[in-house]
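Nothing in this text is a laboratory measurement; each read-out follows from the coordinates by a stated rule. This structure is a prediction, so every number in the text was calculated from the model and none was measured.
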Amino acid sequence: MQIAHSFLAILAGFITIVGLMGIATALFKRVAPNLTRDDAPPDPFVMAANVGIGLVCSALGGYVTARYAQGNPLVHALMLALGVLLISALSALQMKGKQPIYYLLVLTIIPPLAVLCGGLLRLHQIGLHW
């Protein structure tokens, strides 16, 4: 039962990240359709907004995972961070050549770190300090 609960806690964090990113992306495309076209050149504002949105969504996902973890919240957030790192790296490989390399590196590194920060926030909230 512990394994199932851990899996569900990590899944809840992942669904939080994906859901919030989907909503934010849809809203951003609605508000600024000219900046978010696939054939448009990379815009620094759009790249910064995407990194910022990804940071917030990932931190919330890490918090949700740590919130619902029965065991050590930081271990669960770390497991989610590893999954996010893997998916981010695969996504960066697919976008290679379409986006600047520094942007792809930032999109690969920032979300897993934000997930861990969300887990640390939950630890701090419950009074545990690592």
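The length gained by stretching the chain between residue 129 and residue 36 to full extension, at 0.36 nm per residue less their Cα-Cα distance, is 29.4 nm. Note on the stretch 2-125: Cα Rg divided by 2.2 N^0.38 Å, N the number of residues, gives 1.11. The distance from the alpha carbon centre of the stretch 86-130 to that of the stretch 27-61 is 16 Å, rounded to a whole number. Karplus-derived 3J(HN,Hα) values for the stretch 70-77, using 6.51 cos²θ - 1.76 cosθ + 1.60 with θ = phi - 60°, are 7, x, 5, x, 5, 5, 5, 5 Hz; glycine and proline are entered as x.
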